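Structure, as structure tokens:
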Amino acid sequence: MNIIRIEVLPCVGSVHIPYLEDQLVIVIDVLRATSTMVTALANGCQSIIPVLTAEEALEKRLTLPGALLGGERQALRIEGFDLGNSPFDYAPEKVGGKRVIMTTTNGTRAIRAAAEAPAVWMASFLNLESIVHAIFRRFDEDKGLDGIVIFCAGTEERFDMPDTLCAGMLIEALGTEVELNDLGEAARILYHSAQGHLLDAVRSSQHGQRLRSLGYERDVTYCSTANILPIVPALTDGEIVWLTDI
């Protein structure tokens, strides 16, 4: 396998998005959108449709009878929505066999910004090992991809510690045959510094502290758990589904 070029972006809203035509984009929003999406698919959700606004979600549901509305603003469930952005909202009895139309402050915006890329996958600590294996398979087969762009969703267009730690863990797992931009190298160094106390690092981050203050301590702990869900979520025709053909 050739060296994989990786560019890490600190957030999507306030930075230039590079040319994506031949890139694999991996979107990371540890707290909590991509963690929640992975969990929803593991619990039998048919697909997740990312949208930008609550109004767009409501309009979309008019065309998809039976779909659920999920999402948050300021970390809290949007009024009138069926689900928030906690992974624990997406239990099998709620989402099994259902489509979910989702809008979040950061994660769904990052996914939509990446939509022009030929492959867009969602990563979190929960499914990181599966993402790594899928990357190796995809690049071993040389399916026309030139490199990887990691979109850290960020927190309200700012740098986010948990997302960057997850990016660093992903880069570390890919080994030495990588070419990194400066933030990619910084993410790897940051992950090295947090090894052995990852949960503490996530809990003490600004986003982690905010969620804990709102009563979401269990979410923070769960979203910091590595490699428990063997799923690669991928954006396909505007919907996020469990990718089985990698």
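The values are calculated or read from the model by the stated rules, or taken from the named source; none is laboratory data. It should be emphasised that the depicted structure is a prediction, and the values quoted were computed from it without experimental measurement. Positions of Cβ are generated from backbone atoms using ideal geometry, with glycine treated the same way; all protein chains shown enter the neighbour counts.
Residue by residue, here is whether (1) of a type in the set (Asp, Glu); (2) closer than 22 Å to Tyr222 by Cα holds:
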{"position": "Asp163", "(1), (2)": "yes, yes"}
{"position": "Gly168", "(1), (2)": "no, yes"}
{"position": "Leu174", "(1), (2)": "no, no"}
{"position": "Asp182", "(1), (2)": "yes, no"}
Across (1) touching a Phe, Trp or Tyr at 6+ places or on another chain (Cβ under 9 Å); (2) surrounded by fewer than 16 Cβ atoms within 10 Å (Cβ to Cβ); (3) modelled with pLDDT under 95, Ala113 clears everything bar (2)
- Message: Take the conditions within 25 Å of Val25 (Cβ to Cβ), without any contact (Cβ under 8 Å) to a residue 40 or more places away in the chain and either of a type outside the set (D, E, K, R) or surrounded by fewer than 24 Cβ atoms within 10 Å (Cβ to Cβ) (or both) and apply them to Arg99. Does it pass?
- Response: no
Note: among Glu55, Glu72, Glu79, Glu7, just one is within 27 Å of Arg210 (Cα to Cα) and either in contact with a Lys or Arg (Cβ under 7 Å, 6 or more places away or on another chain) or crowded, with 16+ Cβ neighbours inside 10 Å (or both), namely Glu72
All-but-one check, Leu20 against (1) in contact with a Leu (Cβ under 9 Å, 6 or more places away or on another chain); (2) aliphatic (A, V, I, L, M); (3) closer than 30 Å to Thr176 by Cα, failing number (1)
Picking from Leu190, Leu199, the residue that is under 20 Å from the mean Cα position of the chain (by Cα) and more than 14 Å from Ser124 (Cα to Cα) would be Leu190
Picked from region 43-76 (must be under 28 Å from Gln206 (Cα atoms) and out of contact with any strand residue (DSSP E or B) (no Cβ under 7 Å at 6 or more places or on another chain)), the residue modelled with the lowest pLDDT is Gln74
Selection over region 230-246 where residues are assigned to a loop (DSSP other than H, G, I, E, B) and surrounded by 14 or more Cβ atoms within 10 Å (Cβ to Cβ) yields a count of 4
Counting only residues that are surrounded by fewer than 24 Cβ atoms within 10 Å (Cβ to Cβ), modelled with pLDDT of 95 or more, under 22 Å from Ile17 (Cα atoms) and in contact with a helix residue (DSSP H, G or I) (Cβ under 6 Å, 6 or more places away or on another chain), region 121-157 contains a total of 0
Going through (1) buried (at least 16 other Cβ atoms within 10 Å of the Cβ); (2) of a type in the set (Asp, Glu); (3) more than 20 Å from the chain's Cα centre (by Cα) one by one, Asp219 fails only at (3)
